[in-house]
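S.K.: Got a structure for you, written out below as structure tokens; questions coming shortly.
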Amino acid sequence: MAHLLLIDDDPELIARQIRRVFPPPDHSLDEARTGAEGILKAGRDAPDVILLDLRLPDRSGLEVYDAIRRGDARIPVIFVTMARKADAAIEAMKHGAYDYLLKPIDLHQIRKVIEGAVEVGRRMREPAIIAERGAELDAEGVIVGSCPAMIEVYKAIGRVASQDVPVLITGESGTGKELVARAIYQHSLRARAPFLTLNCAAIPETLLESELFGHEKGAFTSADRRRIGKFEQCNGGTLLLDEIGDMPLALQAKVLRLIQDQVFERVGGNETVSTDVRLLAATHRDLKTWSTDGKFRPDLYYRLGVFTIQLPPLRERGEDLELLVRYFLRRLNPQLGREVRDVAPEALERLRSHTWPGNIRELQSVLKQALLQASGPILLEQFLPASLNRTEEASRPAVIRGGALNVQLLGEFSPDDRDLYSELHRQLDRILLPRAMEFARGSQHQAALFLGIARQTLRQKLRQLGIHPADHPSTDEEDGGG
């Protein structure tokens with residue numbers, strides 16, 4: 001349900017359009033005909049989104065916007081205007097307005113813009129609650145888990161949230177990197193300023209620079225007006241660049257300059273624009289390896305990696321799986337019209353035996369499929385999708401034999417699989433390195449010789465796996481120097 005506020009001295013037409021796209025009773029639309037009335041209602045009712053006319057009888061839309069922003073800068077404000085140049089609306093965008101629309105308003109456009117604004121507002125206002133065992137929480141989009149690895153994640157969030165430095169959040173796809181970013185934002189000193197997210201992998205390379213930095217009119221063929229980018233729009237707030245590992249190299253140089261100097265130029269412009277943005281970045285890539293391979297700028301990696309939070313994959317989170325299953329059942333039951341209150345032991349064991357390459361996102365999808373098949377109050381094993389109930393023959397691992405090593409490839413390829421090459425290497429490290437250290441009786445020097453890698457590389461990989469030298473006491477003095 002969306003609660004919208006329209007501030008316009010002649011609201012009839014726009015109000016009718018909004019109610020067609022967001023009909024009652026699922027959504028509510030309040031109206032104000034003056035700036036003073038709009039400011040009062042915005043402060044009293046905390047709407048999800050505000051639509052604000054630039055021309056009001058008692059004051060300008062910009063003055064109303066500034067007053068609303070002083071009260072709560074997290075409420076997305078969409079300007080509506082008759083002026084084709086819309087210089088005032090562009091100026092408002094530079095100070096954090098969500099977007100602006102030109103009258104007469106297109107129904108498809110207004111739906112798209114308002115839906116986006118509602119989602120942005122939700123991310124800023126709904127707490128990224130950390131739900132531990134026994135907590136009966138039904139809020140959407142919360143961090144759920146109490147395993148040791150997640151406790152370390154919570155500690156890291158607490159250590160860095162109030163420090164105004166970049167944070168790099170890493171982990172496999174579907175592990176909840178955006179939720180961690182939102183938790184950092186909500187516990188930061190910028191918690192009442194805007195929080196925006198941009199997925200670098202979801203936007204074509206030709207448009208990504210404009211999305212980030214904006215462009216001037218005439219910068220390219222379709223640039224019929226000036227556009228304000230996310231770095232300028234989010235001034236004073238926090239910006240999450242999701243999947244930053246997929247950002248083109250040429251664009252990485254501009255991001256590096258912004259981190260260092262907080263200045264940039266719009267595409268096609270010469271004006272140097274100053275901004276004040278806290279940057280959070282997330283990726284499922286191994287940026288250190290990518291920087292070594294020339295796929296990511298090393299200088300940008302080191303600036304982003306001032307503080308890194310590594311999220312564990314679901315398969316390494318132990319009893320958190322049951323906690324997550326029960327959380328998603330509570331969330332999904334009302335959505336799908338089901339009343340499944342418990343999970344059969346056989347179904348839970350089947351879920352535990354799965355390797356979850358898609359992590360929490362895959363778990364949510366599997367439970368949706370299971371609930372659609374379910375009848376009665378208990379989730380039975382037979383309701384789980386076929387992908388989790390393959391026969392022994394279908395699930396038998398393929399074995400590649402070569403030299404002294406047998407590599408087992410579990411399962412089958414899926415259309416949703418990504419980054420399999422890197423993931424196989426990570427899985428191989430988890431199996432091979434501990435065994436090499438055990439065979440070498442804790443000697444990093446000997447283990448590195450067995451593996452044919454530098455001892456420094458071995459140490460780095462051991463740290464990434466959470467294996468410390470103390471776990472494998474060294475038997476030769478050559479390793480004693482650290």
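S.K.: Of everything in region 272-295, what is among the β-branched types (V, I, T) and either in a loop (DSSP other than H, G, I, E, B) or under 20 Å from I228 (Cα atoms) (or both)? Give them in sequence order.
M.R.: T272, V273, T275, V277
S.K.: Among the residues of region 224-242, what is the count of those that are farther than 23 Å from A92 by Cβ and either modelled with pLDDT under 95 or of a type in the set (A, V, I, L, M, F, W, C) (or both)?
M.R.: So the count comes out to 1.
S.K.: Select from region 314-341 the residues that are under 25 Å from Q427 (Cβ atoms) and acidic (D, E) and write down the one among them that is modelled with the lowest pLDDT.
M.R.: Among those that are under 25 Å from Q427 (Cβ atoms) and acidic (D, E), it is E319.
S.K.: Still on this structure, I have one more. Suppose we filter region 443-469 for residues that are at positive phi and at pLDDT 80 or above; how many remain?
M.R.: Summing the residues that are at positive phi and at pLDDT 80 or above in region 443-469 gives 1.
S.K.: Here's another thing I want to ask about it. How many residues does region 285-338 contain that are farther than 19 Å from Q373 by Cβ, among the polar types (S, T, N, Q), out of contact with any strand residue (DSSP E or B) (no Cβ under 6 Å at 6 or more places or on another chain) and surrounded by 14 or more Cβ atoms within 10 Å (Cβ to Cβ)?
M.R.: So the answer is 1.
S.K.: Keeping to region 303-324, report how many residues are over 21 Å from the mean Cα position of the chain (by Cα) and not charged (D, E, K, R).
M.R.: So the answer is 2.
S.K.: Note down all Cβ pairs under 6 Å where the first residue falls in region 111-124 and is surrounded by 19 or more Cβ atoms within 10 Å (Cβ to Cβ), the second is in a helix (DSSP H, G or I), and they're at least six residues apart or on different chains.
M.R.: The qualifying pairs are R123/R182.
S.K.: Identify, from the list D261, D293, D299, D286, the residue that is assigned by TED's automatic domain parsing to the domain that holds V167, farther than 18 Å from E211 by Cβ, within 22 Å of the chain's Cα centre (by Cα) and of a type outside the set (A, V, I, L, M, F, W, C).
M.R.: Selected residue: D286, the only one of D261, D293, D299, D286 that is assigned by TED's automatic domain parsing to the domain that holds V167, farther than 18 Å from E211 by Cβ, within 22 Å of the chain's Cα centre (by Cα) and of a type outside the set (A, V, I, L, M, F, W, C).
S.K.: Can you tell me how many residues within region 321-354 are touching a Pro at 6+ places or on another chain (Cβ under 9 Å) and of a type outside the set (K, R)?
M.R.: The qualifying residues number 3.
S.K.: So Q233 fits all but one of (1) exposed (fewer than 15 other Cβ atoms within 10 Å of the Cβ); (2) out of contact with any Phe, Trp or Tyr (no Cβ under 7 Å at 6 or more places or on another chain); what number is the exception?
M.R.: (1)
S.K.: Report, by residue number, each residue of region 54-67 that is crowded, with 18+ Cβ neighbours inside 10 Å and not in a helix (DSSP H, G or I).
M.R.: Those that are crowded, with 18+ Cβ neighbours inside 10 Å and not in a helix (DSSP H, G or I): L54, L56.
S.K.: Could we say that L52 is under 26 Å from I228 (Cβ atoms) and among the aliphatic types (A, V, I, L, M) here?
M.R.: Considered against the rule, which asks whether it is under 26 Å from I228 (Cβ atoms) and among the aliphatic types (A, V, I, L, M), L52 comes out as yes.
S.K.: So which residues in region 175-202 are under 19 Å from G245 (Cα atoms) and surrounded by 17 or more Cβ atoms within 10 Å (Cβ to Cβ)?
M.R.: Scanning region 175-202 gives T175, G176, K177, E178, L179, V180, A181, L196, T197, L198, C200.
S.K.: Let me ask something else about it. Any residue in region 246-264 that is outside any loop (DSSP other than H, G, I, E, B) and touching a Ser or Thr at 6+ places or on another chain (Cβ under 6 Å)?
M.R.: Yes, that holds for at least one residue.
S.K.: So for region 319-327 (the condition being assigned to a loop (DSSP other than H, G, I, E, B) and under 24 Å from I151 (Cβ atoms)), does at least one residue qualify?
M.R.: Scanning region 319-327, I find at least one residue that is assigned to a loop (DSSP other than H, G, I, E, B) and under 24 Å from I151 (Cβ atoms), so the answer is yes.
Condition check ((1) loosely packed, with under 15 Cβ neighbours inside 10 Å; (2) among the aliphatic types (A, V, I, L, M); (3) assigned to a helix (DSSP H, G or I)) across all residues:
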| position | (1), (2), (3) |
| --- | --- |
| L4 | no, yes, no |
| I14 | no, yes, yes |
| E31 | no, no, no |
| G38 | no, no, yes |
| K41 | no, no, yes |
| L52 | no, yes, no |
| R69 | no, no, yes |
| I90 | no, yes, yes |
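S.K.: A further question follows. Could you tell me how many of the residues in region 328-348 are in contact with a helix residue (DSSP H, G or I) (Cβ under 8 Å, 6 or more places away or on another chain) and part of a helix (DSSP H, G or I)?
M.R.: Qualifying residue count for the region: 8.
S.K.: Pick out the one residue from A67, A46, A42, A36 that is over 28 Å from Y185 (Cβ atoms) and aliphatic (A, V, I, L, M).
M.R.: Every option except A36 fails the conditions.
S.K.: Within region 213-233, count every residue that is in contact with a helix residue (DSSP H, G or I) (Cβ under 7 Å, 6 or more places away or on another chain) and on the phi < 0 side of the Ramachandran plot.
M.R.: 9
The values are calculated or read from the model by the stated rules, or taken from the named source; none is laboratory data. Bear in mind that the values here come from a model prediction, so they are computed numbers and not experimental data. Cβ coordinates were reconstructed from backbone atoms using ideal geometry, including for glycine residues, and neighbour counts include every protein chain displayed.
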